[in-house]
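Notes for the one structure printed next.
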Amino acid sequence: MCCNDNFQERNEGEKIQTILDLNDISGMKFFDPHVHMTSRTTDDYQAMADAGIVALIEPAFWLGQPRTGVDSFTDYYSSLIGWERFRSSQFGIKHYCTIGLNSREANNEKLAEQVMEILPQFIFKEGVVGIGEIGFDDQTAAEEKYYRLQLDLALEAGLPVQIHTPHRDKKKGTQRSMDIAIEQGLAPHMVIVDHNNEETVKEVLDRGFWAAFTIYPFTKMGNERMVEVVKQYGSERVMINSAADWGISDPLAVPKTAALMKKSGISLKDIELVTYRNAITAFAQSGQIDEHDFVTVKNIDQSQKFESNSILRGGQQPRINKNSIIIS
Amino acid sequence: MSLTDKQAIRDLDHISLQIISRQLSAESLTWLKAKAEMVKSEGKSFQLNMAFAHLPRFSSKADINIEPEENKAVAQLLHGFKITDWTLDRLCRVWLLMQVPADDQDVYFKKINGLFTASEMNEQVALYSALPLFHYPEIWVSRCEEGIRSNIGTVLEAIMYHNPYPAAFLAEGAWNQLVLKAFFTEKDVNLIVGLYERLNKALANTLEDYVQERLAAHRTILPEIYKLIEQTKEKI
């Protein structure tokens, strides 16, 4: 039956109660190089920390609806290096970000001009590991203009670039993104091409770029397909991310995919490269990633001292029992 | 009104630089001093903005090594001020802020305020730590009040702990917010400069309500709250 009016019945039918089993990968560390934490809850942070995610990168992107003034961009960028970074540190996860003008909003040229003026104020901030996510959406002239200008900025600043490749006309859009990056003088090893699929990966790797894959249900890659990609293309310059945002997405995409890879017989070395090491190598070219910070994130970004004061003051967020009906 | 005089500020500048010089590599120290010269001479804020953001890459975030006599000197120069637990990037940033020319109040305000507007967490910590050292102290009151609204623990601590600015310049309402916020965010109120000097009836009343509220919720009450209420009664 296609159109069930009885919601109660339908919902009961859909209710799935299983427990996520990540035992296979317990003890492993993960790095999610693309996740929009601004649109996620503290439950997600907790689950990510529990699953072994020690650090992440939050690329600047659009907010689901267009901004109307430059101050909204200032506040957004500030929140990425301020409040969101703090929120993350409360769960022991080191938070980095990339800063840039996303492709959609590049089409509002009047605003884009103003955003370009404020970008230099943010790209040299601590923990800013690249310019991103930038590139094409509709592949308009305005998108190309601001993509090129931001590539110039990245080159000047010596920062890696995180490229968003378009959903529509993806293969050509990806090729064009790489062509333009080369034209603007960027070395392929400084460019992370994101949202790859089976159709784009070969050329991206052949040309020496980093190939990132977004494990995102329905619209991007599924992780069974990802396992096949790694089997076929190996782990060199390949990385995965969740790109989790406000849509139906999964902030545990990286550890879950690691578990699936392990079940599928992919070597631990390759899993480590794809889910942790390659992303660090690529973005550490910014000079802004220190792995020691993954361990000391609580001490550095939170209260400087734990010893002399209550654990709550400087320590992690208290854990609540989600399975209890008691809320105290 | 000012917390300290120009000579004391110069002395604090000197002590800070002394600590910094001891710990920075020769290369980093040269970089910092060159940037400071540029900050002193530029009309706009370009060098200041860049150097302020770039600084930890040169300074590191190691703890500072401060000598006991330096600690003592700091306390004498600026009552309540204490930098013992600072990191090197924080001290370097605050030292850099002390180099911003203050001849023109509007220009000075614009430069420092611009840093606040685009600041990340650790930059905010340095900026709020520097409140008692800024020129024209009255113009930073609303900024300080804004900082107290922060939810970031380290930022709150930069304002609350060993910082003589709030007690000296905040009006009663804002001061009381600072103290209440300290209790609500479980800060160590004993580190707040001027806590007992600035006791007042309104604060004691609110704290009494707070005690009742905690009792009703079956939550614990910090002994400091009772102490503050008691002391207010004795004082008034």
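The values are calculated or read from the model by the stated rules, or taken from the named source; none is laboratory data. Since we're looking at a predicted model, the values are computed, not measured. Quick reminder, even Gly has a Cβ in these numbers, built from the backbone with ideal geometry, and neighbours come from all protein chains shown.
Among the residues of segment A:88-116, the one identified as surrounded by fewer than 19 Cβ atoms within 10 Å (Cβ to Cβ) and within 12 Å of A:E133 (Cβ to Cβ) is A:R104.
In summary, helices (runs of 4 or more DSSP H) completely within segment B:145-197 and bearing 3 or more residues that are touching a Phe, Trp or Tyr at 6+ places or on another chain (Cβ under 9 Å) and surrounded by fewer than 22 Cβ atoms within 10 Å (Cβ to Cβ) occur at B:172-184. Scanning segment A:132-151 finds no residues that are touching a residue at least 12 places away in the same chain (Cβ under 8 Å) and over 26 Å from A:P66 (Cβ atoms).
Which of the numbered conditions does A:Y76 fail, given that it passes all the others? Conditions: (1) free of Cβ contacts under 8 Å to residues at least 40 places away in the same chain; (2) farther than 30 Å from A:Y147 by Cβ. So A:Y76 meets the others, but not (2). Does A:I182 meet the test of being closer than 18 Å to A:Q150 by Cα, at pLDDT 95 or above, of a type outside the set (S, T, N, Q) and under 18 Å from the mean Cα position of the chain (by Cα)? So A:I182 does not fit the description; no. On inspection, B:A75 passes the criterion of being under 15 Å from the mean Cα position of the chain (by Cα), of a type in the set (G, A, S), surrounded by fewer than 20 Cβ atoms within 10 Å (Cβ to Cβ) and over 28 Å from B:A118 (Cα atoms). Would you point out the residue of segment B:141-173, among those that are within 14 Å of another protein chain (Cβ to nearest Cβ) and among the acidic types (D, E), that is nearest to the chain's Cα centre (by Cα)? Result: B:E157. Among the residues of segment A:231-275, just one is more than 20 Å from A:L20 (Cβ to Cβ), in a helix (DSSP H, G or I) and in contact (Cβ under 8 Å) with a residue 60 or more places away in the chain, namely A:E272. For segment B:49-92, give me each residue that is more than 11 Å from chain A (Cβ to nearest Cβ) and either of a type in the set (F, W, Y) or under 18 Å from B:Q124 (Cβ atoms) (or both). Scanning segment B:49-92 gives B:F58, B:S59, B:F81, B:I83, B:L88, B:L91, B:C92. Count of segment A:34-59 residues, restricted to those that are in contact with an Asp or Glu (Cβ under 7 Å, 6 or more places away or on another chain) and either of a type in the set (V, I, T) or crowded, with 20+ Cβ neighbours inside 10 Å (or both), is 9. Please indicate, with yes or no, whether at least one residue in segment A:113-131 is in contact (Cβ under 8 Å) with a residue 12 or more places away in the chain, touching a strand residue (DSSP E or B) at 6+ places or on another chain (Cβ under 8 Å) and closer than 21 Å to A:R176 by Cα. Yes, segment A:113-131 contains a residue that is in contact (Cβ under 8 Å) with a residue 12 or more places away in the chain, touching a strand residue (DSSP E or B) at 6+ places or on another chain (Cβ under 8 Å) and closer than 21 Å to A:R176 by Cα. Among the residues of segment B:188-199, is any over 30 Å from B:E123 (Cβ atoms) and within 14 Å of chain A (Cβ to nearest Cβ)? No, that holds for no residue. As for segment A:91-100, it holds at least one residue that is hydrophobic (A, V, I, L, M, F, W, C) and without any contact (Cβ under 8 Å) to a residue 40 or more places away in the chain.
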